[in-house]
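K.L.:
Dropping the structure in here first, questions after.
The values are calculated or read from the model by the stated rules, or taken from the named source; none is laboratory data. What you see is a predicted model; the values in this text were computed from it and never measured. Don't worry about glycine lacking a Cβ; one is built from the backbone with ideal geometry, like all the others, and counts go over all protein chains shown.
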Amino acid sequence: MICKSWWHRIKLFLVGTLIVVLIQSCNGMLSQQSQSQKSGAASANCRTVQHELGKSCIPLNPQRVIVTDQESLEILIALGLKPIAAASSSRVGDKSSILNGKIDAITNLGKEGQPNIEKMVQLKPDLIIGTYIVPQNYELFSRIAPTISIEPIHAEWKKTLRQFAEMLNRSQEAEKMLDDYHQRIEDLRSIFKQKLGDTKVSVMRFYTTLEFTQFMNHISFPGSVIEELQYVSIPNVQRQLGGSDYTYVQVSLERVDLLDADAIFVVVDPGANNNFKVYETSPLWQTLNAVKNQRVYLVDSSYWVFGNILSANAILNDVSNHLIKGNR
């Protein structure tokens with residue numbers, strides 16, 4: 001009797017265990033089905049894009065976009081999209097001068113490269129986008145919202161614009177702006193040919209924390225804009241220095257002759273005025289033809305160092321105003 005009773009209990013235990021296993025299995029299948037349905041629903045509301053750091057499924061119509069740098073901010077504004085937050089520049093001036101009040105009410109996330117993560121989380125973005133996002137930040141940002149990183153090439157800023165536009169379904173707007181830009185280049189070429197002929201210009205940059213200057217060559221962002229004008233170009237000696245991978249060459253005061261040209265555009269970073277004065281008050285500076293002819297022009301670092309379509313047009317404004325209107 002004891003043996004039979006013991007065996008009966010074992011059978012009951014085995015049946016109970018089997019029932020628990022079956023229930024857990026069913027629950028697991030239901031959970032997987034639910035997750036699959038959620039994944040399918042998410043896929044229907046986003047599309048996967050390939051970018052510098054991987055793949056991200058981004059919203060079809062993002063409404064709460066955060067940008068991690070000023071260049072991305074400029075591009076989004078140009079494309080007709082207003083982000084909810086952006087990082088401010090860590091060196092050059094901010095782009096408010098060319099964004100014409102279009103960045104009002106945009107939250108400041110702090111400096112580029114070191115955004116306020118807590119603030120980003122609180123804003124609940126549905127997309128984070130930027131240039132030169134480092135892998136560590138990408139992993140962190142991706143936990144907050146789908147994140148896209150694009151690595152621009154200075155002289156290929158049009159390609160960068162098209163990349164942003166394609167990912168944000170704004171390709172038509174981008175092509176319209178580029179068509180207008182190319183038409184403007186054609187018009188300016190004609191004007192420069194008639195009024196100036198071949199003109200060589202140098203683009204100098206003074207940093208806040210460095211005691212030397214540099215010239216920005218033909219593959220830099222401002223250099224590439226200037227070169228499109230054909231009748232305005234970077235001096236040949238500057239083309240030959242620095243190789244094909246560097247957009248600038250450092251210049252000491254003793255080699256200030258490398259900067260000589262028909263005209264010089266001087267880009268001064270915020271707080272770098274004293275560094276410029278060291279050059280400006282030097283006897284060597286006075287030997288430059290551009291200085292003798294009073295054709296040295298201070299310009300805004302916010303759009304002369306890095307930028308895109310709006311900055312390119314602002315550079316054209318400066319070049320036209322100083323070289324054509326200034327010589328009437």
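K.L.:
Is it the case that some residue within segment 194-211 is in contact with a Phe, Trp or Tyr (Cβ under 6 Å, 6 or more places away or on another chain), under 29 Å from V256 (Cβ atoms) and part of a helix (DSSP H, G or I)?
P.N.:
Checked segment 194-211: no residue is in contact with a Phe, Trp or Tyr (Cβ under 6 Å, 6 or more places away or on another chain), under 29 Å from V256 (Cβ atoms) and part of a helix (DSSP H, G or I).
K.L.:
Another question, if that's okay. Out of T287, T247, I need the residue that is of a type in the set (S, T, N, Q), closer than 21 Å to A314 by Cβ and touching a helix residue (DSSP H, G or I) at 6+ places or on another chain (Cβ under 9 Å). Which one?
P.N.:
The match here is T247.
K.L.:
So, one more: Kindly indicate whether A145 is hydrophobic (A, V, I, L, M, F, W, C), farther than 28 Å from I226 by Cα and modelled with pLDDT under 95.
P.N.:
no
K.L.:
Filter segment 286-315 down to the residues that are free of Cβ contacts under 8 Å to residues at least 40 places away in the same chain and in contact with a strand residue (DSSP E or B) (Cβ under 9 Å, 6 or more places away or on another chain) and list them by number.
P.N.:
Hits for segment 286-315 are L288, V291, N293, R295, V296, Y297, L298, V299.
K.L.:
Right, here's the next one. Among G223, G243, which is in the same structural domain as L316 (by TED's automatic domain parsing) and modelled with pLDDT under 90?
P.N.:
Among G223, G243, only G243 is in the same structural domain as L316 (by TED's automatic domain parsing) and modelled with pLDDT under 90.
K.L.:
Looking at this structure, is K102 outside any loop (DSSP other than H, G, I, E, B) and either outside the structural domain of V225 (by TED's automatic domain parsing) or at pLDDT 95 or above (or both)?
P.N.:
For K102, the condition - outside any loop (DSSP other than H, G, I, E, B) and either outside the structural domain of V225 (by TED's automatic domain parsing) or at pLDDT 95 or above (or both) - is not met.
K.L.:
Condition check: more than 17 Å from F306 (Cβ to Cβ) and surrounded by 19 or more Cβ atoms within 10 Å (Cβ to Cβ). Does I219 satisfy that?
P.N.:
No; evaluated as a whole, the condition is false for this residue.
K.L.:
Restricting attention to segment 40-73, and to residues there that are in contact with a Gly (Cβ under 6 Å, 6 or more places away or on another chain) and not hydroxyl-bearing (S, T, Y), which single residue is modelled with the lowest pLDDT?
P.N.:
Step by step, filter segment 40-73, then rank; the result is D69.
K.L.:
Give the residues of segment 220-252 that are touching a strand residue (DSSP E or B) at 6+ places or on another chain (Cβ under 8 Å) and aliphatic (A, V, I, L, M), sorted by residue number.
P.N.:
Answer for segment 220-252, where residues must be touching a strand residue (DSSP E or B) at 6+ places or on another chain (Cβ under 8 Å) and aliphatic (A, V, I, L, M): I226, V232, I234, L241, V249, V251.
K.L.:
Also, I was wondering about something else. Inspect all residues belonging to segment 269-276 and state whether any of them is touching a residue at least 12 places away in the same chain (Cβ under 8 Å), more than 23 Å from V92 (Cβ to Cβ) and either out of contact with any Gly (no Cβ under 6 Å at 6 or more places or on another chain) or in the same structural domain as T131 (by TED's automatic domain parsing) (or both).
P.N.:
No: zero hits.
K.L.:
Considering only helices (runs of 4 or more DSSP H) fully contained in segment 238-328, which possess at least 2 residues that are more than 21 Å from L210 (Cβ to Cβ) and not charged (D, E, K, R)?
P.N.:
Filter on segment 238-328 gives 289-292, 309-323.
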